[in-house]
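One structure below.
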Amino acid sequence: MRIGFRLLMAGDLPLLYEWLQREHVQRWWTDRETYDEVVQHYLPTIEGNRPTDLYLILSDDRPAGFIQTYRVSDYPEYRELVAVEDNVAGVDLFVAELELTGRGLGSKALSRFVVDIIFSDPEIHACIADPDAENLASLRAFEKAGFRVVRRFVDPNDHDRLHALVRLDR
């Protein structure tokens, strides 16, 4: 399985919308959004108007999932919630293709993405994520990629659900 990444483009929004409707993605990722809401949410970022970088995860050159990264300090409310220092990146991802779940794609994509994309910025010294504390598959993927659980916290922006803050230092 060859893993790669490419920036998400406006032409990918129908695919992203379709992925976000899948039960195994929707359960952990977001409330159901209409296609127009997905466009409103992601298009400004694609156009460079928000400080997040959006990518497709490619497995053998075929779109298989979504991954995004950002400097935590660019989102002050979130930074306060997770209580991290400057020069820390955040990462979020999902494997969209059900037949590729449970096969190590998430952890392999994370490992490669952190090295190739996130830590290619010499100022970034750590990477965090905050999967739902009940999402054991996601927690295992982060742990396999070298992240460690730092603490658990209730996220008021996610229906007061319990999340696990995971971290990987350079």
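The values are calculated or read from the model by the stated rules, or taken from the named source; none is laboratory data. Just so you know, these numbers come straight off a predicted model, no measurement behind them. Backbone-built Cβ (ideal geometry, glycine too); neighbour counts: all protein chains shown.
A search for C-beta distances below 9 Å between a residue of region 67-82 that is in contact (Cβ under 8 Å) with a residue 24 or more places away in the chain and any residue that is assigned to a helix (DSSP H, G or I) and among the small types (G, A, S), counting only pairs 6+ apart in sequence or on different chains, returns I67/A109.
Consider region 127-138 and keep the residues that are in contact (Cβ under 8 Å) with a residue 12 or more places away in the chain and more than 13 Å from the chain's Cα centre (by Cα). The one that is surrounded by the fewest Cβ atoms within 10 Å (Cβ to Cβ) is E134. Of all residues in region 86-116, exactly one satisfies the criterion of being out of contact with any strand residue (DSSP E or B) (no Cβ under 8 Å at 6 or more places or on another chain), acidic (D, E) and touching a residue at least 12 places away in the same chain (Cβ under 8 Å), namely D86.
Scoring M1 on the criteria (1) crowded, with 18+ Cβ neighbours inside 10 Å; (2) more than 26 Å from L162 (Cα to Cα); (3) at pLDDT below 95; (4) not small (G, A, S) leaves a single failure, condition (1). Among what's in region 79-99 and is under 15 Å from the mean Cα position of the chain (by Cα) and under 19 Å from G146 (Cα atoms), pick the residue that is surrounded by the fewest Cβ atoms within 10 Å (Cβ to Cβ). Here the answer is D92.
For F142, are the conditions met, namely being part of a helix (DSSP H, G or I), modelled with pLDDT of 95 or more and surrounded by fewer than 21 Cβ atoms within 10 Å (Cβ to Cβ)?
No, not satisfied.
For region 155-168, the condition holds for at least one residue, the condition being that it is in contact with a Phe, Trp or Tyr (Cβ under 7 Å, 6 or more places away or on another chain) and over 22 Å from R27 (Cα atoms).
Selection of region 9-22 for residues being in a helix (DSSP H, G or I) and either of a type in the set (D, E, K, R) or within 17 Å of the chain's Cα centre (by Cα) (or both) yields D12, L13, L15, L16, Y17, E18, W19, L20, Q21. Considering only region 146-153, I want to know if a residue exists there that is buried (at least 16 other Cβ atoms within 10 Å of the Cβ), in contact with a Phe, Trp or Tyr (Cβ under 7 Å, 6 or more places away or on another chain) and in a loop (DSSP other than H, G, I, E, B). Among the residues of region 146-153, not one is buried (at least 16 other Cβ atoms within 10 Å of the Cβ), in contact with a Phe, Trp or Tyr (Cβ under 7 Å, 6 or more places away or on another chain) and in a loop (DSSP other than H, G, I, E, B), which makes the answer no. For first residues located in region 17-29 and surrounded by 13 or more Cβ atoms within 10 Å (Cβ to Cβ), partners that are β-branched (V, I, T) and part of a helix (DSSP H, G or I) and lie 6+ apart or on another chain with Cβ distances below 9 Å form the pairs Y17/V38; Y17/V39; W19/V25; L20/V38. Which of (1) over 16 Å from the mean Cα position of the chain (by Cα); (2) part of a loop (DSSP other than H, G, I, E, B); (3) more than 26 Å from I3 (Cα to Cα) is the odd one out, the single condition I124 does not satisfy? It fails just one condition, (3).
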